[in-house]
Each structure stands twice: as structure tokens, then as C-alpha cells.
Amino acid sequence: MGNCQTTKTHKVVVTTGDKKSGGATDINVHLTLTDVKDSVSNEIKLTSVWNNDFRKGQQEQFNLDLPGLTKIKEISVRRDEVGAKDDWFVDRVEITCITDNSKPSIFPFHRWIHADTKLSLVEFDTTLPQFEKHPEQREKELKQKREKYILVSKILGAPRQVEILPEDEQFSYAYEFDIAKEYASQLIKTTLIDWTTPEFDSLQDMKDIFKKCNIKVPSGIKEWRLDESFGNQKLCGCNPGIIQLCTQIPDYFAVTADLVEPFLEGKTLQTALSQKRLYMIDLRYLSEVECPRSCVLPGPTCLLYVKDSKDLVPVAIQLMPKPGSDNPVFTPADPEYTWMAAKMWFNFAETADHESASHLGHTHLLIESVAVCTHRELSPSHPMFRLLAPHFLYVMPINDGAIRSLVSTDGWIEKTMSIGRVGMFNIIRLKWAEWNLQEDGNFVKNLKRRGVDDVSALPNYHYRDDGLLIWRAIENYVRKVVNTVYDQPQKLSADTEIEAWREALIKDAEFKIFTYSLHAYSLTRNSGQVQHE
Ligand SMILES: [Fe+2]
């Protein structure tokens, strides 16, 4: 027992995690505490007055009278062999010295504690490997993680994924319950609609669906035919990261001054180009993507103009890469439905790019490969693991579910998208081969490279304006944490785990050009959440 004589009361709050099998009902838990003066307690068995259950998602409180110990800085939790079959996931332990009225000491465990094992943590559990007080425990944990988190290629040429979904990655009990509840509610609604709605004959039938579901009718249902609506989709729609400044008309795009000047509000083509009034989206690569059922994707290019009113509107669309008499450039001067069809074909191609590359490939799968490398190479106690881990929440089970259901051989993608799953995988493969961290993983550089960073030249680009606020907030936060953790260069050079993590991202996850770690932290925090929205 510690040397000090005064007995002090400590409140210990143990939170059991909300894992599917995270609660334990018949176990013995023993604590050993060390305070800031290095006084160490005897091992204390936690015993509740009413029961000793550590229930899933619940907190248990214990009051301990400890002679002499003041604020606690280190804790060891040991389970004996009782209840060996009971799994116990400890979310966190908080210890407050009530007598001293001190701030609680927080020990974020986030770990399973199996029978006959012991785990020791310092307060906040954030330690670089070179300063670890329990290196054997740390190495053992990492070894166990590497056995569970194995990076494999499930889709040839796409970002790699975890081989088998680890139990720790599965949805929590509460989250799964919410999903099931929402699913049931939507199922009832859609079944009712199915029963009461005949097949769509007109746009009015579609509008009526919103009323039946009590959902506000979207403005797009009135405006979708307008060129301004099409332009707005390119800036604020699902895929706003592919538009770029047009500084000259490329050889493969048969746009001439005569064709587009009628839509440039009195400017010549050259003037519009030099005034940064013209933007392009180039999706030519799609025409080379192999798709099932003899589906041929367009490989379109679209030219857009920023009007004096600040609206962005399309002024030319070429649907296939090679100019020719059988591949005309369509403009707003074409008959109404010809021009509308050109815009719809462009959107059809853009959807293929968005769902495959921007969404599944560069958001979901990319982050999973980072998450797996992080679990394999950084201890859960590593400060950078702590920084990144919240952003990996449910990435793996969501991807696992998507691959097994949505993108399966008889899934939604295969049934409803012309590209099918094979086309989708081919698009991901093509785009992932081009992706590199320095430019595609850096929001600021990406905007600059695409020439869309000039706010006055390209107005109403909320993806850029809002995204920059979020990117800077993330970067500032990450920079502060990184600079605090690595306040001396030798702390970084002596960090063997971070070096192993960097190597794993290059060699195992096949990240291209990877030299600047801060970008990786910012990327993972940005791509996993912000990009998805
Ligand atoms: Fe998603």
C-alpha cells in the first residue's frame, strides 16, 4: 500500500463498451493504481454492492478508500480465470479523487480484456513507442492486431481491404438496432407505396411520391431542364471534384469559336478563355472502360461558361473522345431535346465516374486501406492512432456490406447501373492507378491544380469554399497535435511505429508518392468524412 497515511476516497467509473458481445456478467476484475507521486496501491478487487456485472454499454461505479493515494496517473486492470468464456470490452475507466476534489483521470481503454490477462495504461493512453513503459504489452497487442487486420486485394487494382472483418470493427449493438429500425420503417413505407402506386407514367407521378412519403418536393424537379441547373450540379452535386479551368480548347474537343461564341454574352472565345470564364470536365477515359452486356459508355467532354449573372452553364458537349462527323459537338443551339439528351448522356457518364471512382474507390476503399495499415502498425496507445481512429469508425463493416450486397454479382449495382459491377471495378482500377497522395490527397493543391481556386473567377463553388474551411480546421488541429507530439525532431526519427506505418501505406496499400506524414493525417480525416458528404 502507498506510504501516505491519510485515507482518500476515489470514485472509479468503469464503462463497458457497446460491442455485440462486449458485456461480462461473471468475472473478477482487479485494479492496481499508481498516483502522480508514484505511490502504488495494493491490487483491489472491484466488487459492487448489488452485482458485479459489467453490462454492455453501461457504467459501473465503485468507491475505493485508498490510504495516501492522490490523483491517479496509471492503472492496471487484471482479470483472473473466472468467467473465462465471458468477453469483456472496456471502453474507459475514470478515476476521481473525491477527497481532493481533483479532476478525473481518464483511461480510454477501447480494448478487450480477456480472462487471465492484465493491461496497464497511463492516463489518456497516448505514448510514443520509445517512451512506452510496457513495451512487451505493446508489442504483443500489435502482433495480435496484425493477425486480425490483414490487407488483401479484393478488387483487382483497387485500394486494398481487410481480409476478414474483425469483430472489433462490427457495428455496435445500438447502431445495428438503429439501422434495423430505420430499415423496417422504410420497408413499411416502400411496401405501402408499392401497393398504392401504379407504374410511373409521367413526371407528375414522381412528384406525387414525395407527397406520399411526406418529403419536401426537391427544387430540382422543377429546374432540372435548365442549363443553370446542369451547371450547378457540376459545382454542388455529387461529384464536384472533377471540374477544371479551361485555358485553351484541347485538340480532342472540336469546339470552335463559331459554335460557342453565341453563348458567351458578346465575348470572343479567346477573351472568355483569358478571363477564366470557361471550365471543362473531361471524362474521355470512360469510353475505354469494359462493361458487361455490351454496354458502351460515353467518354464525354463538357465546356461550361460562367455567365455575367455568375451562373455556370454548359455551352458545348462532345460525347466521345475522337472528334469526327459521327461525333458532333452539341450546343444549346441544337433542338431542345437533342441538347437535353446530350446533357443526360453526359450525366450518365458522370454518374459512372462518381459512384465508382469518387465514391466507392477514393472514399470508402481508400480509407479502409489506411485504417488497416493503421491498425497493423500503430499501437492503440500511439498518439497518431488516437488521432485517426475515430475517423475509421464503421468504415470496414460498411464497405464489407457494400461489397457483399450492393456490389455483389446480383446486387443493386449490377441490376440498376449499366456499367454493372465489372464496369465499376474497371473504373476504380483506372482511377486508382492515377491517384497520388500529394495532389489528390491534398484539397488545397487539388483545387490549384484544377485551376478552380480563384473565388472571383468561379463563384458559387460551395464545395471549394466550405471544403476549405473544413480542411483548414482539420489541418490546424492536426498540425497542433503533431507539433505537440513531435516537439523535437528526434522524437519523430525515434518513432519506429510511424515509420512502419508510412512504409505499410506505400508498400502494402500502394499509396503513391508518400513523403509527408501530416498530409496523410489530414487526408484520412478529410477523405473519410468530408469527401463523403
Ligand atoms: Fe458512401
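The table that follows gives values for the structure above.
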| read-out | value |
| --- | --- |
| Residue match in segment 367-374 (condition: open to solvent by 10 Å² or more (accessible area, probe 1.4 Å), within 16 Å of the ligand (Cβ to nearest atom) and among the charged types (D, E, K, R)) | no |
| Which numbered condition T409 fails, given (1) under 25 Å from A500 (Cβ atoms); (2) assigned to a loop (DSSP other than H, G, I, E, B) | (1) |
| Those residues of segment 317-355 which are of a type in the set (V, I, T) and within 22 Å of P250 (Cβ to Cβ), in sequence order | I317, V329, T331 |
| Cross-chain or 6+ apart pairs with Cβ under 9 Å, segment 337-359 first and modelled with pLDDT of 95 or more and more than 16 Å from the ligand (Cβ to nearest atom), then assigned to a helix (DSSP H, G or I) and open to solvent by 40 Å² or more (accessible area, probe 1.4 Å) | N347/Q233; E350/Q233 |
| Test result for K267, of a type in the set (K, R), more than 16 Å from N460 (Cβ to Cβ) and surrounded by fewer than 20 Cβ atoms within 10 Å (Cβ to Cβ) | yes |
| Which numbered condition Q275 misses (of (1) within 36 Å of the chain's Cα centre (by Cα); (2) at pLDDT 85 or above; (3) closer than 27 Å to D466 by Cβ) | (1) |
| Positions within segment 396-420 being in contact with a helix residue (DSSP H, G or I) (Cβ under 6 Å, 6 or more places away or on another chain), open to solvent by 30 Å² or more (accessible area, probe 1.4 Å) and within 16 Å of the ligand (Cβ to nearest atom), in sequence order | L406, W412 |
| Residue in segment 295-306 that is open to solvent by 10 Å² or more (accessible area, probe 1.4 Å) and either over 16 Å from A254 (Cβ atoms) or of a type in the set (D, E) (or both) present | yes |
| Hey, K103 surrounded by fewer than 18 Cβ atoms within 10 Å (Cβ to Cβ), farther than 23 Å from T496 by Cα and not hydrophobic (A, V, I, L, M, F, W, C) or not | yes |
| Unmet criterion (only one of (1) free of Cβ contacts under 8 Å to residues at least 12 places away in the same chain; (2) among the β-branched types (V, I, T); (3) open to solvent by less than 80 Å² (accessible area, probe 1.4 Å)) for V455 | (3) |
| Test: residue in segment 438-451 that is more than 30 Å from K310 (Cα to Cα), modelled with pLDDT of 95 or more, over 24 Å from the mean Cα position of the chain (by Cα) and surrounded by 16 or more Cβ atoms within 10 Å (Cβ to Cβ) | no |
| Residue list for segment 210-243, restricted to those being in contact (Cβ under 8 Å) with a residue 60 or more places away in the chain, outside any helix (DSSP H, G or I) and open to solvent by less than 80 Å² (accessible area, probe 1.4 Å) | N239, P240, G241, I242, I243 |
| Residue check for A389: open to solvent by 20 Å² or more (accessible area, probe 1.4 Å), closer than 19 Å to E167 by Cβ and either hydrophobic (A, V, I, L, M, F, W, C) or within 12 Å of the ligand (Cβ to nearest atom) (or both) | yes |
| Segment 422-437: number of residues that are in contact (Cβ under 8 Å) with a residue 24 or more places away in the chain and either of a type in the set (F, W, Y) or open to solvent by 20 Å² or more (accessible area, probe 1.4 Å) (or both) | 10 |
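Let's see how each residue does on (1) open to solvent by 40 Å² or more (accessible area, probe 1.4 Å); (2) modelled with pLDDT of 80 or more; (3) within 16 Å of the ligand (Cβ to nearest atom):
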| position | (1), (2), (3) |
| --- | --- |
| T496 | yes, yes, no |
| A504 | no, yes, no |
| D508 | yes, yes, no |
| Y521 | no, no, no |
| S527 | no, no, yes |
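The values are calculated or read from the model by the stated rules, or taken from the named source; none is laboratory data. Keep in mind that what you see is a predicted model, and the values were worked out from it rather than measured. Virtual Cβ from ideal backbone geometry, glycine too; neighbours counted across all protein chains shown. Heavy atoms of the whole protein, side chains included, go into the accessibility calculation; ligands, DNA and RNA do not. Shrake-Rupley method; radii C 1.70, N 1.55, O 1.52, S 1.80 Å.
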